[in-house]
Every structure is written in C-alpha cells, then in structure tokens.
1. Do any residues in the range 105-120 that are farther than 20 Å from residue 89 by Cβ have Cβ atoms under 9 Å from those of residues that are outside any helix (DSSP H, G or I), where the two are at least six apart or on different chains, and which pairs are they?
2. Within the range 40-53, can one find any residue that is touching a Pro at 6+ places or on another chain (Cβ under 9 Å) and hydroxyl-bearing (Ser, Thr, Tyr)?
3. Please go through the range 50-88 and give me each residue that is farther than 12 Å from residue 108 by Cβ and of a type in the set (Ser, Thr, Tyr), ordered by number.
4. Give the residue, chosen from 32, 4, 53, 43, that is of a type in the set (D, E, K, R) and over 29 Å from the mean Cα position of the chain (by Cα).
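Nothing in this text is a laboratory measurement; each read-out follows from the coordinates by a stated rule. Small disclaimer: the values here were computed from a predicted structure and weren't measured. A quick note on method: Cβ atoms are made from the backbone with ideal geometry, for glycine too, and the neighbour counts reach across all protein chains shown.
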Amino acid sequence: MNAKEVLRKADAGEGLTVAEVKLYQKLVKPVKHTYGKYGTLAKKYLEEHNVAKFWAIENLPEYLHGIDEAAGRMYDVMYEKLSKSEQYKKNGDFIHDLQVETELRNRIDTEILNEIVYVD
C-alpha cells in the first residue's frame with residue numbers, strides 16, 4: 001500500500017481499509033479555517049440557533065469569509081457616513097472624543113450584527 005494509491009482510491013471514492021484510512025489521514029491534514037470576528041459569530045449563531053442552515057450551506061468557509069468581507073465593507077461605509085454627522089463630531093476633548101468614538105463603533109457593530117450576522 002503506497003501513498004499515491006491510497007490518494008487515488010480516496011479521490012475515486014473507492015472503499016478504503018482501516019489501514020488505508022489511517023495513512024490517508026496522515027497524508028491529508030485537515031485545513032483549519034480561521035475567521036474574523038463576524039464570521040466566527042455567524043458560525044456560532046448558526047451552530048446554536050439554525051443547525052439546519054449550518055448543515056445546508058455547501059461551502060461554509062467561503063460563506064463565513066464572505067460574511068467577514070461584507071461586514072468589513074459595511075463598517076467602512078457606515079463609519080465614513082456617520083463620522084460626518086453632527087452627533088459624532090469630535091471636539092478635541094479626549095474623554096468626549098473617546099465616548100463619541102465608542103458610541104459610533106457600538107452603533108456600527110450593532111447594525112452589522114443585525115443585518116449580516118444574525119440573519120435567518
């Protein structure tokens with residue numbers, strides 16, 4: 001039993017023996033996907049609240065990376081728009097500016113969670 005033969009059999013969907021499965025697992029390491037904040041939150045939400053959708057998504061890593069990208073784009077657009085509004089203007093006072101920035105980021109975060117992450 002050589003590695004090439006085991007890989008060929010696995011790709012062809014032929015049955016593998018226990019020894020061949022063990023060799024295959026050594027040869028083909030699983031890919032660990034890492035996601036950003038929103039992709040991770042979406043995955044956890046789907047696992048806990050919408051298991052059917054979690055299992056129905058054909059390419060989960062691509063879907064979760066898409067959520068991260070969409071959230072990033074939405075964050076940039078909202079930050080650009082909201083930071084120009086009078087409510088979020090900074091006046092040079094450090095504490096005030098920090099509070100304004102925190103409020104702005106929290107508002108954007110809430111919108112992203114409601115519009116992109118926690119969607120059924």
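1. Partner pairs satisfying both residue conditions: 120/50.
2. For the range 40-53, residues touching a Pro at 6+ places or on another chain (Cβ under 9 Å) and hydroxyl-bearing (Ser, Thr, Tyr): absent.
3. Answer for the range 50-88, where residues must be farther than 12 Å from residue 108 by Cβ and of a type in the set (Ser, Thr, Tyr): 63, 85.
4. The match here is 4.
Rundown of residues vs (1) among the small types (Gly, Ala, Ser); (2) over 30 Å from residue 115 (Cα atoms); (3) free of Cβ contacts under 8 Å to residues at least 12 places away in the same chain, yes/no style:
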{"site": "30", "(1), (2), (3)": "no, yes, yes"}
{"site": "36", "(1), (2), (3)": "yes, no, no"}
{"site": "53", "(1), (2), (3)": "no, no, no"}
{"site": "71", "(1), (2), (3)": "yes, no, no"}
{"site": "85", "(1), (2), (3)": "yes, no, yes"}
{"site": "94", "(1), (2), (3)": "no, yes, yes"}
